[in-house]
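Heads up, the thing below is written out as structure tokens.
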Amino acid sequence: MPYLFVCALGPVQDFIATARRSRDLWYGSWMLSELSKAAARCLAADYGKDNLVFPAPDGLGELEPDTPLNVANRVVAVVTDPPEVVGPKVEGAVHERLTTLREDAFRAVRAAFEKGGFDWVLAERQIAGLPEIYWVGIEYVADNGYAQARWLAEHLLAARKTTRDFGQAVGHGVPKSSLDGARESVIPEAGYPRRGENEDQRALKIARLYEQYGARGGERLSGVDVLKRLGKRGAVQERKFKSTSHMAAAPFRAFVHRTKGPGTADNLIDEIKTLLRDEKIPVSGEDDSLLYESRLRDVVGDDAKLTSLRGKLADIRKKYAGQAQPGSYYVLLAADGDHMGAAIDAQTKVADHRSLSHALSRFAADAETIVAKHQGVPVYSGGDDVLAYLPVHTALDCAHELAKAFKGDMMRFSPPGGAAPTLSVGLVVAHHLEPLADALELARDAERTAKNAGRDALAVILSKRSGADREVVGQWELFLPRLEKMIEFMRNGAISKGAAYELLELDRVLGGPKGLPPEALAGETQRILERKRESGGARQADREAVRCIRDWLQQVRLDELARELIVAAFFVGSVDLALGEIRKETVNA
């Protein structure tokens, strides 16, 4: 009699969220997928590809290490051996893959470890204790008993997770990791700059920390953190890795391309690299993050030298782009499928569930292509879950294309009489130097806001370094066209960027249940728009803009509309720059 075997790996969110750099996030997400893939490969090898329910690859080759297939942290298979036999084999496969990743990451600096200082023993124990592997197995009657067996397995797995196995790799009273604050640092303290050292000594230590461990001057890293910094995803995927600063600079790169011609943006970066090498500064990035003087602090300890380099970098930028400046913000996207529980429950046979799993794998592959098409970097794409970072000017189009692709792939799995699976997306517009963990938390908040708004929705959080965060949300079919129309009106001067703040004040003074009636409020809104002129110009709000504002006030409250206008105004600066335009006001500088 067969068994339904369900395995879950973790910790997912906690591990992924302990990230200061986009590389931490990027590698950590991929590594968890590789561990899940190892579990799936073990099951498929022993019991056949067709008995693997989730994931459902086309061939066993897709489950090999370093393949493009992303696997979620849950693996489901039909097996013929008792779970107490299968479980340990799966655990062994996961730990074997983890050991390989660890050795691949540390090979380049093994010599430095063996000379002493680096706590190799603690690092190995920390990494070995990272995965949390939970599994259950339920005996069932083929096909007719599958749905009941899956329901019982999921409940038993949830119960198993509440009885977590706690283990701790104990260190020696050294500083804690700067990323998670829990594990202890494994980098020797003697390697960090100290008081009393001259600038040359400090600069040398800062450079060595970055070269050997990928650490900043004051950044303590555990063995798990060093694995994230030094781990390799294969030569092809390594070239795809870009930083959050690169995403923020994308509209500027597009500006240089449009105004100076193809290839000139690459020439600009090459000239900056040459400058840094001539100054004997290690190149800390191979992407457009080199456009930012602020990134030099990672590798330059001397303040006078830093000031000189900043001036030289500014001169190079001015040579290629005049007064245009690279923006400071990028977008982190988090998306999750809606009504997926009902869709999965509706698949009562193994073959049906495999078909759904196959469709999810297809969407995951399509999602990576869609994100790349919009100049973004997919961090994770497994099942109905997508995490990516993007330039500001392409983020809205990318989010919408993802939602349409998911809906198309999942439509045929709608439960009888139930809601069709859809995709809710959260976007956070964040500063490229803000802690990545904070941006990730906001992106997940935006995703939850979209789901709470009725699902099949988009939520955007504008998180600027100054002022309060602005959050807007709505269903795709109404909210996105409204936001895009606002951007269009502001770009052509039909609505002033400053009008939104006057509308907020209008709502505060005369809005609400005890304020003006809706028609009077709409009239006052129209008066403000017609009076408010485009900044630096003389064009008044045109009739189409006024008509749209009146229509929108039938859909949302005045304060919501004002916040949407504020968010739309922020996108205008990046869109203008990417199209080769510079305005007097730079919204996202």
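Anything in the chain that counts as a DSSP H helix reaching 15 Å or more along its axis (C-alpha) with Kyte-Doolittle mean of at least 0.5? List them, would you? Walk me through the numbers on the way to the answer.
Details: long enough: 22-47 (38 Å, -0.11); 83-106 (34 Å, -0.34); 146-161 (22 Å, -0.31); 199-213 (21 Å, -1.15); 244-260 (24 Å, -0.25); 264-278 (21 Å, -0.34); 303-321 (27 Å, -0.71); 350-373 (34 Å, 0.05); 392-410 (28 Å, 0.02); 436-452 (24 Å, -0.63); 476-491 (22 Å, -0.04); 499-510 (16 Å, 0.56); 518-531 (20 Å, -0.71); 558-578 (30 Å, 1.21).
Membrane-span-like by this rule: 499-510, 558-578.
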**Complete:** Here, GLU103 and ASN198, labelled 7 Å along Cα→Cβ, have an inter-label distance in nm of 4.5
**Fill in**
Sorted on mean Cβ neighbours within 10 Å (highest first), peptides 125-135, 453-463 come out as 453-463, 125-135
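Taking 1 over the mean of 1/r across every pair of different Cα atoms in segment 242-315, what Kirkwood radius in Å do you get? The partial results should precede the final answer.
Values: mean 1/r = 0.0786 Å⁻¹.
Over segment 242-315, the inverse of the mean reciprocal pair distance is 12.7 Å.
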**Asked** What does a probe at LYS373 reach in segment 424-467, counting residues whose amide N is under 19 Å from the point 7 Å along Cα→Cβ?
**Response** 424-425
**Complete:** For the pair HIS257 and ARG310, the simple spin-label estimate (label points 7 Å beyond Cα toward Cβ) gives in nm 3.0
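With a cut-off of 8 Å between alpha carbons and a minimum separation of six or more residues, what is the relative contact order of the chain in percent?
Numbers: 1015 pairs, mean separation 78.8, N = 589.
The value is 13 percent.
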**Request:** Return the label of the correct value of Cα extents along the principal axes in Å, as calculated from the structure shown, out of (1) 93, 58, 46; (2) 65, 59, 49; (3) 77, 72, 46.
**Result:** (3)
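Which order do the peptides 503-516, 484-497 take when ranked by the mean count of other beta-carbon atoms within 10 Å per residue, highest first? Write out the running numbers ahead of the final one.
Details: 503-516: 15.1, 484-497: 20.6.
Result, highest mean first: 484-497, 503-516.
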**Asked** So how do 244-251, 24-31 stack up, highest first, on mean other-Cβ count within 10 Å?
**Response** 244-251, 24-31
**Request:** Identify all lysines with a Cα-Cα distance to LYS242 below 23 Å; exclude those on the same chain that are fewer than 8 residues away in sequence.
**Result:** LYS228, LYS232, LYS273, LYS373, LYS464
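First measure r as the distance between the Cβ atoms of ASP278 and LEU60, then evaluate 1/(1 + (r/R0)^6) with R0 = 51 Å and state the FRET efficiency to the nearest 0.05. Write down the numbers at each step before the final one.
On the way: r = 51 Å, r/R0 = 1.00.
After rounding to 0.05, the efficiency reads 0.50.
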**Request:** Name the residue farthest towards the positive end of the dipole of the chain from the options ALA39, ILE281, THR307, assuming +1 on Cβ of Lys and Arg, -1 on Cβ of Asp and Glu, about the Cα centre.
**Result:** THR307
**Fill in**
Measuring from its Cα centre, segment 16-100 shows a charge dipole (+1 at each Lys and Arg Cβ, -1 at each Asp and Glu Cβ) which, in debye to the nearest 20, is 440
**Request:** Mind listing the long-range amide H neighbours of GLU132? Cut-off is under 5 Å, sequence gap 5 or more, other chains count too, H placed in the peptide plane at 1.01 Å from N.
**Result:** GLY10
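Work out how much length GLU434 to ASN492 would gain on full extension: take 0.36 nm times their residue separation and subtract the Cα-Cα distance, in nm to one decimal.
Values: separation 58, 0.36 × 58 = 20.88 nm, distance 3.19 nm.
Once the chain is fully extended between GLU434 and ASN492, it gains 17.7 nm.
Nothing charged except the Cβ atoms of Lys and Arg (+1) and of Asp and Glu (-1): what's the magnitude of the dipole of the chain about its Cα centre? Round to the nearest 20 debye.
With only Lys, Arg, Asp and Glu charged at Cβ, the dipole is about 1500 debye.
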**Cα-projected label distance for ARG543 with GLU581, points at 7 Å along beta-carbon direction, nm** = 2.3
**Request:** Give the long-range amide H neighbours of TYR389: residues separated by 5 or more places, or on another chain, with amide H under 5 Å away, using H modelled in the peptide plane at 1.01 Å from N.
**Result:** LEU333, VAL377, VAL379
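Read-outs throughout are calculated quantities, based only on the coordinates presented, and are distinct from any laboratory measurement. Just so it is clear, the structure is predicted and the values come from calculations on it, not from any experiment. Glycine also receives a Cβ, built like all others from the backbone with ideal geometry; neighbour counts cover every protein chain displayed.
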